[in-house]
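The next block holds one structure in the form of structure tokens; read it before the comments.
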Amino acid sequence: VLEQTRYDVAIVGGGPAGASAAYLLARKGFKTVILERGRGGGSKELYGGRVYAPPLREVWPSLDKEAPIQRWVRQERISVVSGERVLTVEYDSPDAISFTAYLPELARWMVGKAEEAGALFVDEVRVDSIVRDDKGRVVGVRSGPDTLYADVVIDAEGVNRLLLEGLGLVKPLKATESPIALGVKEVLKVKESQIEERFGLEKGSGLAWVVAGSVTGGLPGGAFIYTFKNMVSIGVVVHLGHAYRAIESGKFDSHVKDLVEALRLHPFFRRFWRDADVMEYGAHLTIEGGLKFMPKTLVLDGLVIVGDAAGFLLNTGYTIRGVDFAVYSGKLAAEAVEIAHNMGGMTRENLKVYEDMVKRSFIYRELVKHEGISHIMSNPDFFTKYPELAIGVMKKLFEAPYEHPTIYEAFIESSREVGLPLLRLAGEALRVVNRL
Ligand SMILES: Cc1cc2nc3c(=O)[nH]c(=O)nc-3n(C[C@H](O)[C@H](O)[C@H](O)COP(=O)(O)OP(=O)(O)OC[C@H]3O[C@@H](n4cnc5c(N)ncnc54)[C@H](O)[C@@H]3O)c2cc1C
């Protein structure tokens with residue numbers, strides 16, 4: 001099937017990055033094909049639940065009207081948990097710039113838009129390798145015995161990057177060394193009216209909730225809760241290197257899926273999805289530290305790399321931005337391919353314009369600005385002692401049977417109890433606000 005036609009552009013992966021590049025290139029008149037190993041668009045995808053709309057509107061101006069948006073996020077919650085005690089900061093806004101969406105549904109919509117624009121979407125085809133000619137130029141992709149030739153291949157394969165590994169552009173993923181995390185998630189069925197009642201939301205509005213502390217079993221990482229129309233997505237993400245070392249040293253002996261179950265059954269959180277059925281669960285890798293994850297080059301002769309495969313993901317702990325980065329990088333790739341085409345062809349020199357565009361974009365600026373996050377992630381105190389300190393202060397202030405300490409006293413006493421000297425606290429607090 002693959003051999004019969006030659007394409008201008010072959011895109012590996014029908015996720016947000018591949019679908020956005022395909023849509024824009026097909027509209028520009030390039031003969032474009034998307035090759036996706038899953039059945040239908042989005043079937044292999046898993047994420048938390050919230051997407052920032054502005055970068056997507058640049059690709060699909062009709063997004064707000066047409067996309068399968070579940071709820072517009074008008075409430076943010078950040079909680080720290082120590083055992084059964086929970087401290088929460090809440091932020092409400094009448095405006096919304098992000099929405100919750102079910103990723104398989106959203107990706108299917110994006111692929112549908114690419115098809116409408118004239119791209120061919122071929123599912124259930126796993127690309128085994130990217131093909132180079134004897135001069136090292138990328139000339140197509142191979143799947144089983146078939147080779148599909150194209151002027152340019154866009155690699156939108158996501159975080160696993162087996163194809164880029166095959167080209168020698170990235171190292172194989174290693175749990176112990178790579179800046180990656182494992183996310184495990186459950187989708188719970190809750191009635192629309194119950195979601196609004198239990199979470200205190202206006203009709204149609206949504207909530208994005210991040211949780212840190214004992215919910216990760218002391219491991220660097222965090223938990224998330226997102227409200228869809230009539231579903232709640234809950235999950236836990238842990239840094240794999242730390243998890244591995246904690247298991248090796250006997251400090252952690254459960255599984256991330258058990259942490260998600262513990263979140264579902266947690267005495268405080270369970271009230272939000274009381275009696276709910278688990279409709280779906282799954283696990284997926286994700287990137288921790290985008291810049292470290294970037295391949296040594298984003299273009300070769302005949303190749304452009306986009307989305308997670310390029311390391312374009314930012315997890316600050318209070319927001320995770322991957323889908324909008326992926327879509328926007330697909331847009332930049334489409335523009336670069338058009339420029340290279342007008343300059344005479346898909347050579348590395350011509351495609352380098354993509355790297356320049358990425359470096360000038362908000363994606364790269366965000367990754368550079370927040371680069372120090374991986375340093376924070378490597379300090380387990382942020383996931384154990386700091387939540388205990390915050391909860392300790394609250395406990396002293398609100399659970400004093402007779403005499404209340406001053407806030408200062410509560411703070412000093414708690415920092416002593418958890419073993420965080422004040423000077424270190426002040427230094428680290430400065431570093432954190434500077435990097436997050
Ligand atoms: C637990 C978790 C929570 C997250 N939460 C959020 C969130 O709330 N908000 C947010 O914006 N981002 C979130 N992300 C990140 C987000 O999911 C990714 O950044 C985004 O999906 C990247 O898009 P992509 O198109 O680059 O890759 P993907 O979405 O991974 O798509 C890649 C596609 O390529 C296909 N593919 C791979 N290899 C081949 C092959 N060899 N042949 C054919 N097809 C292939 C796959 O099947 C897949 O469909 C989260 C991620 C995880 C794991």
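Remarks
- Subset of the range 292-340 that is within 8 Å of the ligand (Cβ to nearest atom) and of a type in the set (Asp, Glu) - its residue that is surrounded by the most Cβ atoms within 10 Å (Cβ to Cβ): Asp308
- A search for C-beta distances below 9 Å between a residue of the range 37-66 that is without any contact (Cβ under 8 Å) to a residue 24 or more places away in the chain and any residue that is part of a helix (DSSP H, G or I) and among the basic types (Lys, Arg), counting only pairs 6+ apart in sequence or on different chains, returns Ser62/Lys113; Leu63/Arg57; Asp64/Arg57.
- Taking the range 259-372 as the region of interest, the helices (runs of 4 or more DSSP H) fully inside it that hold 2 or more residues being without any contact (Cβ under 8 Å) to a residue 12 or more places away in the chain are 323-343, 348-360, 362-369.
- Selection within the range 139-161 - open to solvent by 10 Å² or more (accessible area, probe 1.4 Å) and touching a residue at least 24 places away in the same chain (Cβ under 8 Å): Val139, Ser143, Asp146, Thr147, Tyr149, Asp151, Ala156, Glu157, Gly158, Asn160, Arg161
- Matching residues in the range 97-134 - criterion: being assigned to a strand (DSSP E or B) and within 22 Å of the chain's Cα centre (by Cα): Ser98, Phe99, Thr100
- Residue that is hydrophobic (A, V, I, L, M, F, W, C) and under 27 Å from Phe382 (Cα atoms), where the choices are Val81, Val59, Val111: Val81
- Residue match in the range 235-250 (condition: part of a loop (DSSP other than H, G, I, E, B) and either crowded, with 22+ Cβ neighbours inside 10 Å or of a type in the set (D, E, K, R) (or both)): no
- Among the residues of the range 1-50, those identified as within 11 Å of the ligand (Cβ to nearest atom) and of a type in the set (S, T, N, Q) are Ser20, Ser43.
- The condition (being under 25 Å from Lys331 (Cα atoms) and not in a strand (DSSP E or B)) is satisfied by just one residue among Gly158, Gly168, Gly140: Gly158.
- Counting the residues of the range 419-431 that are open to solvent by less than 30 Å² (accessible area, probe 1.4 Å) and closer than 22 Å to Val89 by Cα gives 2.
- Flag for Ala96 being within 14 Å of the ligand (Cβ to nearest atom) and modelled with pLDDT of 95 or more: no
- Scanning the range 162-175 for residues that are touching a residue at least 24 places away in the same chain (Cβ under 8 Å) and open to solvent by 50 Å² or more (accessible area, probe 1.4 Å) returns Gly166, Leu173.
The values are calculated or read from the model by the stated rules, or taken from the named source; none is laboratory data. Only a predicted model underlies this, so the values are computations on that prediction, with no experimental measurement involved. Glycine also receives a Cβ, built like all others from the backbone with ideal geometry; neighbour counts cover every protein chain displayed. These accessible areas exclude ligands, DNA and RNA; they are computed on the full protein's heavy atoms, side chains included. Shrake-Rupley method; radii C 1.70, N 1.55, O 1.52, S 1.80 Å.
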